[in-house]
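For reference, the structure discussed in these notes is given below.
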Amino acid sequence: MSSSSRDVLAVYPGSFDPVTLGHEDIARRTLRLADRLLVAVAETSTQSRNPLFTVPERLALLREVFSGEDRVECVSFSGLLMGFARERGAHCIIRGLRAVSDFEYEFQMAQMNRELWSEVETVFLTPDAPYAFLSASLVREVAFLGGDVSSFVSPVVKRALARKLGR
Ligand code: PNS
């Protein structure tokens, strides 16, 4: 992707419940390839879960975490990712790929998204090694059970987890 010839817009979609250092790492890596990045919180997630944070809360945390990055915009979207990506004129969808176990789910989504709108490419980025096994669901569980999540999330997210869990 050449950033000199056009303004490359990447969309990094997810649940971000909550945003982890792994998500932050993937977003910052994306800025090496794209000119602008939309971090997009989905109101509908493919894998249904019991969310801990509401969509507005997740968005507020993302905005705090990326407040220093003027090329990053954090938004939420409803409906299909491809509808949102098309509306915003995105060139690529970014997904983090941690382990082989992520592959099947990611591959299915990428193929389905291509069927829905073939003009956008899904790009998979791998996180830095310390985040290779990190997931928001594990962070929620560790926080819920009273473990220290300092190595996995930004301080603002750690504080939000403590507030949410009444600590
Ligand atoms: O962080 P997640 O939960 O793995 O992200 C999954 C997400 C939000 C990218 C996916 O569920 C999604 O794209 N949701 C929007 C609705 C949609 O487009 N569904 C069809 C996907 S093929």
Of the residues in region 133-142 that are part of a helix (DSSP H, G or I) and away from the ligand (no atom under 12 Å from the Cβ), the one that is nearest to Arg28 (Cα to Cα) is Val139
Residue count, region 65-95, condition more than 19 Å from Glu43 (Cα to Cα) and either among the β-branched types (Val, Ile, Thr) or in contact with a strand residue (DSSP E or B) (Cβ under 7 Å, 6 or more places away or on another chain) (or both), comes to 7
Filtering region 105-132 down to residues that are surrounded by 12 or more Cβ atoms within 10 Å (Cβ to Cβ) and either away from the ligand (no atom under 13 Å from the Cβ) or of a type in the set (Ser, Thr, Tyr) (or both) yields Tyr105, Glu121, Thr122, Val123, Leu125, Thr126, Pro127, Asp128, Pro130, Tyr131, Ala132
Flagged in region 111-132 as assigned to a loop (DSSP other than H, G, I, E, B) and touching a Leu at 6+ places or on another chain (Cβ under 8 Å), in numbering order, are Thr126, Pro127
Here, strands (runs of 3 or more DSSP E) confined to region 1-80 with at least 2 residues that are free of Cβ contacts under 8 Å to residues at least 60 places away in the same chain and farther than 16 Å from Glu121 by Cα are 36-42, 72-77
Scanning region 81-104 for residues that are at pLDDT 95 or above and either away from the ligand (no atom under 11 Å from the Cβ) or part of a loop (DSSP other than H, G, I, E, B) (or both), the one nearest to the chain's Cα centre (by Cα) turns out to be Leu97
Going through region 65-80 in order, the residues found to be surrounded by fewer than 16 Cβ atoms within 10 Å (Cβ to Cβ) and more than 12 Å from the chain's Cα centre (by Cα) are Ser67, Gly68, Glu69, Asp70, Arg71, Ser78, Gly79, Leu80
Checked region 25-54 for anything closer than 26 Å to Ala162 by Cβ and either within 8 Å of the chain's Cα centre (by Cα) or crowded, with 23+ Cβ neighbours inside 10 Å (or both); matches are Ile26, Ala27, Val39, Val41
Among residues of region 143-163 being part of a loop (DSSP other than H, G, I, E, B) and in contact with a Ser or Thr (Cβ under 7 Å, 6 or more places away or on another chain), the residue surrounded by the fewest Cβ atoms within 10 Å (Cβ to Cβ) is Phe152
The number of residues in region 70-119 that are under 22 Å from Tyr131 (Cα atoms) and of a type in the set (S, T, N, Q) is 1
Contact list, first residue from region 114-135 and more than 15 Å from His91 (Cα to Cα), second anywhere and within 13 Å of the ligand (Cβ to nearest atom) and of a type in the set (Ser, Thr, Tyr), beta-carbon distance below 6 Å, six or more apart or interchain, is Leu134/Thr20
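The values are calculated or read from the model by the stated rules, or taken from the named source; none is laboratory data. Just so we're clear, the structure is a prediction, and the values are computed from it rather than from any experiment. Neighbour counts run over all protein chains shown; Cβ positions are idealised from the backbone, glycine included.
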